[in-house]
1. Only residues that are surrounded by fewer than 16 Cβ atoms within 10 Å (Cβ to Cβ) and assigned to a helix (DSSP H, G or I): list them for region 70-82, please.
2. Please verify whether Val115 is aliphatic (A, V, I, L, M), closer than 20 Å to Lys245 by Cβ and within 16 Å of ligand 1 (Cβ to nearest atom), treating the condition exactly as stated.
3. Which residue out of Asp87, Asp80 is free of Cβ contacts under 8 Å to residues at least 40 places away in the same chain and touching a helix residue (DSSP H, G or I) at 6+ places or on another chain (Cβ under 8 Å)?
4. Please specify each residue of region 45-69 satisfying the condition of being surrounded by fewer than 14 Cβ atoms within 10 Å (Cβ to Cβ) and at pLDDT 85 or above.
5. Do you know which residues across region 170-191 are more than 10 Å from ligand 3 (Cβ to nearest atom) and either touching a Gly at 6+ places or on another chain (Cβ under 7 Å) or among the basic types (Lys, Arg) (or both)?
6. Mind listing just one residue for me: the one in region 139-157 that is in contact with a strand residue (DSSP E or B) (Cβ under 7 Å, 6 or more places away or on another chain) and touching a residue at least 24 places away in the same chain (Cβ under 8 Å) and, of those, farthest from ligand 3 (Cβ to nearest atom)?
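The values are calculated or read from the model by the stated rules, or taken from the named source; none is laboratory data. This structure is a prediction, so every number in the text was calculated from the model and none was measured. Please note: Cβ atoms are built from the backbone with ideal geometry, for glycine as well, and neighbour counts cover all protein chains shown.
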Amino acid sequence: MKWTPEAETAIKKVPFFVRKKVRRRVESEADAAGRRIVSLEDVKTTQKRYLSNMASEVKGYRLDVCFGPNGCPNRAMDTDALVQRLDQILREANLLDFLKQQVGERLKFHHEFRVTVAECPNACSQPQIKDIGIIGARRPNITAEPCSCCGECQSTCPDEAITVREDHGPVIDFSRCLSCGKCIDLCPTGTLSEGIRGYKVLLGGKLGRHPKLAQVLPGIFDEDEVLDIVKTCIGFYKEKSRHGKRFAEILTQEDFQSFVDRYSKPATMEKRRPNHAEKKRNV
Ligand code: SF4
Ligand code: SF4
Ligand code: SF4
């Protein structure tokens, strides 16, 4: 649907955490009224109705995803299935009733439990400032296939994590590699293959008066493991949060360490996919 420039300017002034929702609402109301162009009047009317009715719009949690599913070329993971399962877990946790008991009439959007998914390390959905941030990851693996020393992987890596040596082929500095998977897809010889695919998980980020950046749980986790971590976080939150305190506010460094002890795993324990040479050996 088209928007007039005045309508676009007005929607940009809506608080960022409800902007997407208000935008959708404006479009559906304009559509229902038979209009194909959204005007400033449409924005004002819908915004007024939405904000005056804010308490009834709070649903206890926010789950969002970056724009990867709209065709972003940087996607490391297709997260559709994960997001559906996350939504089910969050819905079944009945966080709205929990928050109503804790906060009562003062319940606002900023009390909600926030989970976000980014489909690559560019992290456009800001996982660093959410209670739980999930980032798609594909870590490369060096196979026994001969390297042609084309240099594509080295010049493409955004993190300067690969060096190609003529006598040796690619050398990856995994302390720099963010597991975006870019080098895997363009290697013409199969020297680089997909070693591990899954998700990084960040815990305990928020904005507001006392902002905090989320901390990264060491490791790359598969879908079931991510969901298990999320369930544990929700259980922890419901047990410890009182009067609307956010997960990020109650998660102490000791608590985070207990998540690390329980879930993090050394690279050797991650479920590595067999490389090309291993696959050939197994057939
Ligand atoms: S996080 Fe990555 S996949 Fe998602 S929109 Fe940003 S660049 Fe694209
Ligand atoms: S996965 Fe991404 S960050 Fe890691 S080495 Fe490859 S291109 Fe670089
Ligand atoms: S590892 Fe692949 S992309 Fe990198 S230099 Fe060798 S052949 Fe080229």
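1. Matches in region 70-82: Asn70, Asp80, Ala81.
2. Working: aliphatic (A, V, I, L, M): yes; closer than 20 Å to Lys245 by Cβ: yes; within 16 Å of ligand 1 (Cβ to nearest atom): yes.
Against the criterion (aliphatic (A, V, I, L, M), closer than 20 Å to Lys245 by Cβ and within 16 Å of ligand 1 (Cβ to nearest atom)), Val115 qualifies.
3. From the options Asp87, Asp80, the qualifying one is Asp80.
4. Phe67
5. Of everything in region 170-191, those that are more than 10 Å from ligand 3 (Cβ to nearest atom) and either touching a Gly at 6+ places or on another chain (Cβ under 7 Å) or among the basic types (Lys, Arg) (or both) turn out to be Arg176, Lys182.
6. Within region 139-157, the match that is farthest from ligand 3 (Cβ to nearest atom) is Arg139.
The rows are residues; the columns are (1) in contact with a helix residue (DSSP H, G or I) (Cβ under 6 Å, 6 or more places away or on another chain); (2) more than 28 Å from Asn94 (Cβ to Cβ); (3) within 16 Å of ligand 3 (Cβ to nearest atom); (4) not aliphatic (A, V, I, L, M).
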| site | (1), (2), (3), (4) |
| --- | --- |
| Arg197 | no, yes, no, yes |
| Gly208 | no, no, no, yes |
| Leu213 | yes, yes, no, no |
| Leu217 | yes, no, no, no |
| Glu223 | yes, no, no, yes |
| Val226 | no, no, no, no |
| Ile234 | no, no, no, no |
| Tyr237 | yes, no, no, yes |
| Arg246 | no, no, no, yes |
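So that you can scan it fast, the table gives a plain yes or no per residue for (1) closer than 18 Å to Phe256 by Cα; (2) not basic (Lys, Arg):
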residue: Pro158; (1), (2): no, yes
residue: Leu178; (1), (2): no, yes
residue: Ile196; (1), (2): no, yes
residue: Lys206; (1), (2): yes, no
residue: Val216; (1), (2): yes, yes
